1. Say whether the condition of being over 20 Å from residue B:77 (Cβ atoms), assigned to a loop (DSSP other than H, G, I, E, B), within 24 Å of the chain's Cα centre (by Cα) and at pLDDT 90 or above is met by at least one residue in segment B:178-200.
2. So, in segment B:117-151, how many residues would count as being part of a loop (DSSP other than H, G, I, E, B) and either more than 7 Å from chain A (Cβ to nearest Cβ) or without any contact (Cβ under 8 Å) to a residue 24 or more places away in the chain (or both)?
3. Could you grab me the full set of residues in segment A:84-97 that are in contact (Cβ under 8 Å) with a residue 24 or more places away in the chain and either within 7 Å of chain B (Cβ to nearest Cβ) or surrounded by fewer than 23 Cβ atoms within 10 Å (Cβ to Cβ) (or both)?
4. Take the conditions surrounded by fewer than 24 Cβ atoms within 10 Å (Cβ to Cβ), touching a residue at least 24 places away in the same chain (Cβ under 8 Å), more than 12 Å from the chain's Cα centre (by Cα) and assigned to a helix (DSSP H, G or I) and apply them to residue B:316. Does it pass?
5. Please go through segment A:134-166 and give me each residue that is within 14 Å of chain B (Cβ to nearest Cβ), in contact (Cβ under 8 Å) with a residue 60 or more places away in the chain and within 22 Å of residue A:106 (Cβ to Cβ), ordered by number.
6. Quick check on my filter: what residues within segment B:239-254 are buried (at least 24 other Cβ atoms within 10 Å of the Cβ) and either within 14 Å of chain A (Cβ to nearest Cβ) or closer than 24 Å to residue B:180 by Cβ (or both)?
7. Filter segment B:152-166 down to the residues that are buried (at least 16 other Cβ atoms within 10 Å of the Cβ) and assigned to a loop (DSSP other than H, G, I, E, B) and list them by number.
């Protein structure tokens, strides 16, 4: 195993219990107290609603593995979602809309990477700054209003099915497979482990850690672009606060999934389970008629508990 | 997070004079912005507008002054804006229920302080990196506030209470007097007390601080509690100024507060900066936003400009530090 050479951590499989226990507990809890939770329709609903978060949480895992963070992801998603809506409305073309979203997202990701890698600004402040910028641009391009009347070709992406499976789930699975291949089966993936674990080694090997770091953040921005398409399709409009706080759900999924914030090791399957755990938590609370504010607060508590447990493990 | 090998603690006297130079540059920048705005806009130099700038700057300063101490320890408190919202809503409810502004003010400040203390516990006892812990707290507070308010708005407070935020004394807004008081207390605390100097030492080199017998965890707890308490105080002034409380009042406060701290020359890497610098930072940011307003730039541009300012400020700080080394 290539990653084992860089990270002296227990095998990733030993971490299954943490996030799996959380997931099983949540499912058991809501099966007991939330009527209709265990129905096929509701569970597939949970999965479809988790797809946007999957697209953010997977690249967030890579970024956190480099001891970084991207607080701008939710705001960038808002902006790309608006770009998709505006461009597809103007051109009546879903692909051009997606292209615009991808471009803007990747541009923001590259700026994030540049600020972190080249200027050396701590990631949480650099991306807090770009959060403000993306939020501002969203307000400016939309003038604070929703963008409505987008073409059916965009809306249909969210509701269509492929071989009986909803298209968003297909997209999320393809994304997962791509990230899994990238992280565990390419050289680039090995370098990502080294970016967090041992940056000096990369330099000695004649590689440019800065360029790799920029690439990691750019991937995050580009994924926010694709997720922006799904968001626009789901809401059938572009809205200037569509992605508010989504980066926090992504960080929650990564933290619950067992990726450590301090040692450059990450686990994609854990993140995927973390995404589902966040989705189940929000859906279950929704079913027992808890307002979305309580959902937000519970996700916050979930993160703090997960990080506390992670801290216990690392100092034990 | 892991870089504990910072440069050695600079003796406080040379630190002060270096800070004085930095503050001087920033004062010049503020004056330059004033000159530009005076040329560009007729109404900038009117008494009403200048008092308005001072009042607005003092609101940003209250939040940013506590935050300065946190940043001096190389930490960050991202929950201040959400803390202001929760504290304002709780204080507003207490005033409405009991009719006593004094009780409301106390509960609001206490609420802020308790939230800050919880942040401190997460950072010291649970050893969660401060920006993640306080970011988690941001969303917990946000959720709590929206749940507590359930879409309601509280408004209409006693006239005496409203004087705090909107009243005048000898021609100056009352928040400006509060600003001077807290600027004095903050500066004295940071520069002239042992606890203040210990906070600088922790930020400059936490390991050396611990080895030289400074109770690091207790000082950190104090710093986060102060940050929360100042957010609680700011919530009272907001409540009194707006004469209403809503769940979303804190959403646009955190980024400007962080911007004020960073423009003011406090380094994100800890150990360098002054409370007075933060005041100048709050003034500069307010002048820029006020100028945009006077030149009829849409308020939609404010987050974009604030974001760019945050990044520029950190970049400048890093450049001057590199040159100094």
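The values are calculated or read from the model by the stated rules, or taken from the named source; none is laboratory data. The model shown is predicted, which means the values in this text are computed figures rather than measured ones. Cβ coordinates were reconstructed from backbone atoms using ideal geometry, including for glycine residues, and neighbour counts include every protein chain displayed.
1. Yes, there is a match, as at least one residue in segment B:178-200 is over 20 Å from residue B:77 (Cβ atoms), assigned to a loop (DSSP other than H, G, I, E, B), within 24 Å of the chain's Cα centre (by Cα) and at pLDDT 90 or above.
2. Residues that pass the stated criteria total 6.
3. A:86, A:89, A:92, A:93, A:94
4. Answer is no for this residue.
5. Within segment A:134-166, A:134, A:135, A:138, A:139, A:141, A:142 qualify.
6. Of everything in segment B:239-254, those that are buried (at least 24 other Cβ atoms within 10 Å of the Cβ) and either within 14 Å of chain A (Cβ to nearest Cβ) or closer than 24 Å to residue B:180 by Cβ (or both) turn out to be B:239, B:240, B:247, B:250, B:254.
7. B:157
For (1) touching a residue at least 24 places away in the same chain (Cβ under 8 Å); (2) within 13 Å of chain B (Cβ to nearest Cβ); (3) surrounded by fewer than 19 Cβ atoms within 10 Å (Cβ to Cβ); (4) in contact with a helix residue (DSSP H, G or I) (Cβ under 6 Å, 6 or more places away or on another chain), each residue gets a yes or a no:
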site	(1), (2), (3), (4)
A:33	yes, no, yes, no
A:37	yes, no, no, yes
A:44	yes, no, yes, no
A:56	yes, no, no, yes
A:72	yes, yes, no, yes
